Structures are given as structure tokens and as C-alpha cells.
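Following: one structure in C-alpha cells, then a few remarks.
The values are calculated or read from the model by the stated rules, or taken from the named source; none is laboratory data. On a predicted model such as this, the values are computed, not experimentally measured, just so you know. Here the Cβ is made from the backbone with ideal geometry for all residues, glycine too, and neighbour counts use every protein chain on show. Just the protein is used for accessible areas: all its heavy atoms, side chains included, with ligands, DNA and RNA removed. Shrake-Rupley method; radii C 1.70, N 1.55, O 1.52, S 1.80 Å.
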Amino acid sequence: VIKMSHLNNTSENVRGGSNIIGHDNCGLYLLFKWETRLGDGSRGFLYFMALAYCFIGLSAITDRFFRSMENVVMHTRTVEEIDPCTNAKVFKQKKVWNYAIADIALLAFGTSFPQISLATIDAIRNTGNLYAGGLGPGTLVGSAAFDLFPIHAVCVVVPKAGELKKISDIGVWLVELFWSFWAYIWLYIILEVWTPDVITLLEALLTVLQYGLLLTHAYAQDKRWPYVSLPLPRSERPEEWVPPETSSRKDCSRNNSKYAETLEVDETGDGNLADVFSIPTGLAYQKLPDTIQPSEQSTEDILMCKETFLAIWKQQFVDALTFENSESREVNNTWLWLAKAFLHILFAPWRFLFAFVPPYQIAHGWIAFIFSLIFISGIAYIVTKLTDMISCVTGIDPYVIAFTALSAGTSWPDLVASKIAAERQITADSAIANITCSNSVNIYVGIGVPWLINTTYNFFAYNQPLRIENAEGLSFSLLVFFATSAGCIGVLVFRRITLGAELGGPKFFAWITSAYFMLLWLIFVVLSSLRVSGII
């Protein structure tokens, strides 16, 4: 009786932990309790500004995250092979990370981490409730639309006028595209067909496991495994995942020591630095042979590396607060200088905070990669609190906020990463793969893991499934997404047939394509918002 009483109490009083708490009685505040004395309009404006500033922080950490990920992917290992002609032993440098796996497991997962963190935090706060929180699913479905339409719209115009960038491995892209669309078909099945309006522990577990199937299938296609891969040819791909940029560097070693595996100091200040465990060899970074033992290094070499590493870390703090540089001194326009100064002041707190992230030149970038994800999680937690307060003081449905502001803000790292990939890579593989794979990661991990947390608790505590509030609105958004995404993919296929590439081409045609993608996104946002608000 006590258990059932608690169960009923939970379902009635704490439904949807992230839903509207009550427009007329909002006692939430961000930092100070006196905030509640302000009018709802003033509080709503301040919280929206704070939300926008959090999104600026996400964009600031994305560049550091992307740089660390580049170092992770550039990691190589020494492989011993036998030359078939001479039978002599040959040592070659092999990439540790596979192309397709790096796109899915590092690029897509890392850039989707704001959405994943937000949904997971929402689920943890909602643990013990029979109804799932609304922020996670709404944000992730809205993020899928933002990834597919606005990010494609940006990437298609990024290449220089006349420059064409195409997908080199159509087979891998088709596999990623299949799993991306299947993710949303699967979501519709479990919401409307299999167990309408509820999620069971089995459904949540199957959702998470499909991420592993995506990784396996993409790897199988990349390696052209028989029976499970598409027999499609692959054009030549560049050796490097991201072509390294040229810059003047200064080696921290002395007298060209043969163990010069230390940091390189970047004189240009653009952050383009070598790996602390690597040596520069022309245009590529190669890992030192495993036969070199730490004992072989002199104490002088080790101390020199440590001093350089600390100097680089110290320089991060200096750069975060320094405005006057070679570029700013050359600015003659007063208004342009003021704009640069304003942006510097705006970003300075975030840049100083993120300077605590260790330099990405150590441990092949893994330490900086992990620290970047931790900072992203912290910002995502603040975003969830701000969203609760915005819903509370304005009365806006949380799903509407999730489809619009949250999905766009948390997808900003996706946009920045795809833009960087479209600019710097020779092919369009990673720029477009990040979009399709991020959508898959959003469902299999971003929704699957939070639902697995809640369904596991509800199963053992109440022997009840997880109920989904406003499942009909979410299902309607999925249908709109399917319809609009077909138009998006159709245009990409048309560009491949007519121009020979998905990105770039004549600027006029590229901008027309970009505007079309943005129109599809507006259609999705408007229809989904009207549906969840009960207007249609």
C-alpha cells in the first residue's frame, strides 16, 4: 500500500521534472534569491541572455575540443612489415584510428556531447519519476533538424568559389545515413507502435546497443568486409584526417637531440602545435618507435620538455586575457577595433576558464579531449537550470524551447566542427559524416542512455515502465523531420549527379542550396512548435 501510494504520488505531482513549474508561482532563481522580486519579463530577458552566453561558452570550448581531437586522430604506431621483394624488415607508421570510427566515436560523439550531457542530467534529476523529462528528447530531435539543415546550409557555402568537395567513400556515408534514418524510425516505433507512450527497459537497452551496431557496420563497410558491406568503389582519400597547417615553429630540444619528442612553441599564436609524444617529420607527425625507453632520455631532455609544457600552459592564460596582438594593431577602422575589443571582453571569461584545460600536446590530446567534455557537461547543467527558469517565468512550453533555442545552442559545436572540417579537409567525408553520425549518436546515446537510467530505476523500484509525456507531439515532429530530410538528401544527391560534389561549386548555386536548407529547418521548427503547443 505504501509503495502504491508513493507511486501514485510520484505520477501525479512530479510528472515531467523539466516541465512548466507554474507561471504564477515561480520561486526558482539562478544565483540570488532577490531575483524572484523582479518582474517576469525582466527575469525572462536576463535568463535568455544567460542562456545565450552559455552558448557562447560552448562555441569557445569547441575549438579547443577540435584541436585535441585532431591530435588524438593523428596518433600513429610503428608497425613491422616484410618487404615482399627483398624479404627485409620494413618499419611503417600506421594510423591508430580508423577513418570511419574516428568520425563516429570522436567527432560525432564529442560534438553531440552538449545534447548528451543535457539529456543525461535531465534524466538524473528526473530519477524516481514515472514520467520522462521533456528537455532531453525534445532537444535531441530538434538538434537532429538543426544538424541536417542549418549545418548543411553552412557547409555547402564554406568552400571557395568554384571549389568542389565530395564524399570520397559513398559506401560508408550510405551506411551512416541508413543508421541515422533508422534511429528516428526506431524512435517512432517504440513511441507509437510497440509500446505506445511508454518506454520499457528492453527498448532502452536495445536503443543503446544499436550504437555498437553502427560502429561495427561502418567499420565493416570501410574495410569492405564480404556479405556485410556495399560493393561500392572508393575514391582516393588523403593520408591525414585533417591536413596540417604550416606555421613557423621553434623546437624546444637543444642541439637537435635524437629524442626531441618535446613540445614545439608556436610563434604565430594560432594554437597549431605538435604532439608532446611526437616528432615533426615534414608534413606528418609520427610516433616515436616503441624501442625508445624513458630511461634512454637524459634528465636534461625531460626537464626541458616539462619546462616547455608549463610555458605553453602559462601562455594559454596570457593569451586569454591579452587583446593587443599583431592583428589588432593593424586595424585602422575605429569601429572595427571597438567590435574586436567588445568580442574579446565578451569571450575573455570563457577563454580564461578554458585555459585550465591542459594543452592538447600531451598524451596525444586525450587529456585535453576529456577535460573539454567535462567543461561541456558543466555548461550543459547550467543550461538545464536556465531552461527550467525560462519556462517557469514565461510560460513557454519546454518542448518549444527544446526545439528552438536549446537545439540550436547545444548543436553549435556540431556546426563549428563541420565548418572546420569543410574548410580544412580535402574531401567532404567528415563534414557530412559529422552531421549524419551526430543524429545517430543523439538517439542511440543521447536518448538511449537517459532512458536506460530511468527505466532501470523504475523497473527495480516500481516494476513500471517510463512514461513519455506529449509522445504524440514528439511523434509528429519525427514525421515532419522525415518529410523535410528527404528533401535535404535529395538535393545533396542532385548536386552529386550534376556538379560531382556535395559541397562548394558556383557560389550562386551554393547560396540557393543554403537558403533551401534553411527553409526546410524553419518548416520543421514552426510545425513542431505549433503541434506541441496544441495549436494544430
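Starting with the highest mean, order 217-228, 369-380 by the number of other Cβ atoms within 10 Å, averaged over the residues of each peptide.
369-380, 217-228
Give Lys160/Lys340; Lys89/Lys223; Lys385/Lys419; Lys166/Lys340; Lys165/Lys385; Lys95/Lys340 a once-over and call out the pairs whose C-alpha atoms are over 31 Å from each other.
Lys166/Lys340; Lys165/Lys385; Lys95/Lys340
From the phi of every residue in segment 106-113, what ³J(HN,Hα) in whole Hz does the Karplus formula 6.51 cos²θ - 1.76 cosθ + 1.60 yield, where θ is phi - 60° and glycine or proline is x?
Computed from phi, the couplings for segment 106-113 are 10, 5, 5, 5, x, 6, 8, 4 Hz.
Can you give me the distance in nm between label points at Met518 and Glu35, each placed 7 Å from the Cα along the Cα-to-Cβ direction?
Between Met518 and Glu35, the simple spin-label model gives 3.2 nm.
Which ³J(HN,Hα) values in Hz, rounded to whole numbers, follow from the phi angles of segment 368-378 under the Karplus curve 6.51 cos²θ - 1.76 cosθ + 1.60, where θ = phi - 60° and Gly and Pro get x?
Residue by residue, segment 368-378 yields 5, 4, 5, 4, 4, 5, 5, 5, 4, 4, x Hz.
Leaving out ligands, DNA and RNA, and with a 1.4 Å probe, what % of the accessible surface on segment 107-226 is carbon or sulfur?
73 percent
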